[in-house]
Amino acid sequence: MGHLSTATFYIAYFVIPLASLLFLSGYRIFLHSLRDYPGPTLAKITNAYAGWLAIRKKQHLASYHDFQRFGSPVVRHGPAQLVFNTPKAFHDIYMNPRTTKGQAYRASQLAAKYPSILNAIDKDQHRRKRKFIGLALTERSLRSFESTMSMQVDIFLRQLLRSSEQREIVNLSPRCQRLGLDIIGLLSFGYHFNTQTEESHRFLQEVIDSMSWRINVYMAFPFIKPLESVFMLCGAPKLLKFHRLVTDMIKKRMSEGKDARHDLYSVLADHVGKNQEGLYKGELWPEAILFIMAGGSTTAAALSAAFFYLAHNPKVYDKLATEIRSTFKSGRDIHSGEDLRSCKYLRACIDETLRMSPAATVISWRHIDPKDASGEPWIVDGHVIPPGTQVGVPFYSLFHNEEYFPDSFTWKPERWLDPPGNQSEEESAARAAMHNAFHPFQAGDRSCLGKPMAYLEASLTLARTLWYFDFETAPGVPGLVGAGTEGKTDGRGRPNEFQLYDIFVAEHDGPNLVFKPRAGVCKDLE
Ligand code: HEM
């Protein structure tokens, strides 16, 4: 009897699970509807492939590598996931009214009852949110907010001035993150985080990064989401502090009149509590967190990368400095308007940075909307997508696709400028194809609402910094922070590339720079 029980035990706990695993693996490799697509064997069998990459913050590098390794523009990234690497696929996926965010986003929802605008899967729910939240980010709304943003940029510049007086090396990543956080705190609920000048709220970035990383891992490998409570326990004190801060921010703002200042709350206030006709009160929480995460970290990543590339490319630096210093008469003149718009090289530098080091490293998964009743097959770049499949285009891979961006690992803002003289038909077609492949803010009905704000924040910060300062990479070892390391074979071997770590948005460190105030112009910062 004892003997029989042992056999039963082994059969129940080892033989049956192992046989099921082998059967499932065999099915996914040889019989699954995606069996003919190339991809790493582990990716065909389990989402643990993507999960492991997400844990190590390198999904963007791995997808790029997989496209090269298999020599194919479409690769299996998970048992039921395909990634594509062509602009045609991008259009068929994201600019298609029949698609919605993939199930992967369900794993990113902090509370299933109230998903945020970013991870709402139901199209009607998303449309309602976008209608109201979009009001805070229109060009008109941004004009009302610009003076507040500008004051924060002034603080950033004053901090640089202080560092330069103390001959300090400046790590731009934390500086740009603090700038981004302080701006987004004011834009969302008129709240002064003051991370640029005070220590007390600087823990926010750490909490945001760890939350972003966890979300990214759950999206890649939803199987481990139940461990959330364990992870939360590990970071409990800071997480609790974060929750208290966001609650305090919302409560404080709601206790003031809606017109006390111009922020997200002022445009939402009339619609909050109107439920289906507006927004549920409970929705303020996830939207506040989304705003802080999406609005602060992305722009900070783009700005840090832009500082890195400018410091590493002296010819571009000189050309951009000349453009800024000849367009404006003083630092105070640098604000939105005709003059800033005329700085074409500045815009080219920002776009080239977003191409080379896209701030959103996430794979934005899509599937066919479950409510789609067309009965038509979904075709992506000539491939019929089987029901239940999630598909995506990783920005990092597409923006380094040599067919559209020749010499793709060289930071070359010139590629975005209109070439002088007449272009041949072939040249015009190549330029059109390049533009068609470049959507760093996503496209279609889920495109970034903060795009105008991101360009304004990046333009003001870079233009004003170049107006008041000269800067260069710090000498010696500190100057290497942020760069790839020659000889590395894991995709981090390019010394001229700013290194991104995929945690949904990009995590980053550096560059370390030294700043020198330009003669006679810094008086108006003091
Ligand atoms: C360089 C800066 C930025 C980049 C590259 C960027 C990029 C993106 C991308 C790629 C998405 C789609 C993400 C997905 O499909 O999962 C997105 C969505 C979004 N972004 Fe940004 N973003 C930036 C800055 C901002 C800023 C400053 C805000 C302002 C708060 C913002 C607000 C949003 C919102 C609300 C969404 C969700 C839109 C929707 O689903 O309808 N972003 N962004």
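The values are calculated or read from the model by the stated rules, or taken from the named source; none is laboratory data. All of these numbers come straight from a predicted model, not from anything done at the bench. Neighbour counts run over all protein chains shown; Cβ positions are idealised from the backbone, glycine included. Areas reflect the complete protein model, heavy atoms only, side chains present, ligands, DNA and RNA absent. Shrake-Rupley method; radii C 1.70, N 1.55, O 1.52, S 1.80 Å.
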I want to check the label-to-label distance for residue 42 and residue 243. Put each point 7 Å from Cα in the C-beta direction and report it in nm to one decimal. 3.4 nm
Label-point separation in nm, residue 127 to residue 70, each point 7 Å along Cα→Cβ: 3.5 nm
Determine the percent antiparallel among the DSSP beta bridges restricted to the chain, to the nearest 5. 85 percent
Once you have the Cα-Cα distance between residue 230 and residue 255, take 0.36 nm times their residue separation minus that, and quote the gain in nm to one decimal. 5.5 nm
For region 181-229, which GluC sites (Glu not before Pro) pass both filters: DSSP loop (anything but H, G, I, E, B) and at most 15 other C-beta atoms within 10 Å? 198, 199
Kindly identify region 70-109 as rounded, prolate or oblate by the Cα gyration tensor criterion: order the square roots of the eigenvalues as a ≥ b ≥ c, call it rounded if a/c is under 1.5, otherwise compare a/b with b/c, prolate if a/b is larger, else oblate. oblate
Give, as a single signed number, the net charge of other residues whose beta carbon lies under 12 Å from the beta carbon of residue 135, with Lys and Arg counted +1 and Asp and Glu -1. +1
Using a Förster distance of 25 angstrom, determine the FRET efficiency expected from the C-beta separation of residue 516 and residue 344, and round it to 0.05. 0.40
Given the DSSP H assignment, sum -39500 (n - 2.57) over each helix run of at least 4 residues in the chain and divide by its residue total; what's the result at 222 nm in deg cm²/dmol, nearest 500? -15000 deg cm²/dmol
How large is the convex hull of the Cα atoms of region 350-389 per residue, expressed in Å³ as a whole number? 124 Å³
Be a star and scan region 464-485 for residues whose amide nitrogen sits under 12 Å from the point 7 Å along the Cα-to-Cβ vector of residue 325. 466-471
Heavy-atom accessible area per residue, the chain, 1.4 Å probe: how many Å²? 45 Å²
For region 337-441, run through the trypsin sites (Lys or Arg not before Pro) and keep only the ones in DSSP coil with at most 15 other Cβ atoms within 10 Å of their Cβ. 371
Per-bin percent of Cα-Cα distances, region 374-512 [10 Å]: 8, 25, 35, 24, 7, 2, 0
³J(HN,Hα) across region 49-56 via Karplus (A = 6.51, B = -1.76, C = 1.60, θ = phi - 60°), whole Hz, x for Gly/Pro? 4, 5, x, 5, 5, 5, 4, 8
Equivalent-ellipsoid semi-axes of region 8-148, from the Cα gyration tensor, Å, largest first: 38, 21, 15
Are there GluC sites (Glu not before Pro) in region 83-184 that DSSP puts in a loop and that have at most 16 other Cβ atoms within 10 Å, and which ones? 168
What is the sum of charges around residue 427, taking Lys and Arg as +1, Asp and Glu as -1, for the other residues whose C-beta is under 13 Å from the C-beta of residue 427? -1
I want the local charge near residue 28. Using Cβ-Cβ distances under 15 Å, sum +1 for each Lys or Arg and -1 for each Asp or Glu among the other residues. +2
Any idea what the alpha-carbon Rg over 2.2 N^0.38 Å comes to for the chain? 1.03
What list of ³J(HN,Hα) couplings, whole Hz, do you get for region 245-258 from phi and the Karplus terms 6.51, -1.76, 1.60, once you set θ to phi - 60° and write x for glycine and proline? 5, 5, 4, 4, 4, 5, 4, 4, 5, 5, 6, 8, x, 4
Expressed in whole Å with the largest first, what are the equivalent ellipsoid semi-axes of region 153-258 derived from the C-alpha gyration tensor as the square root of 5 times each eigenvalue? 29, 21, 12
With a 1.4 Å probe and all protein chains left in place, how much of the accessible area of the chain comes from carbon and sulfur atoms, in whole percent? 58 percent
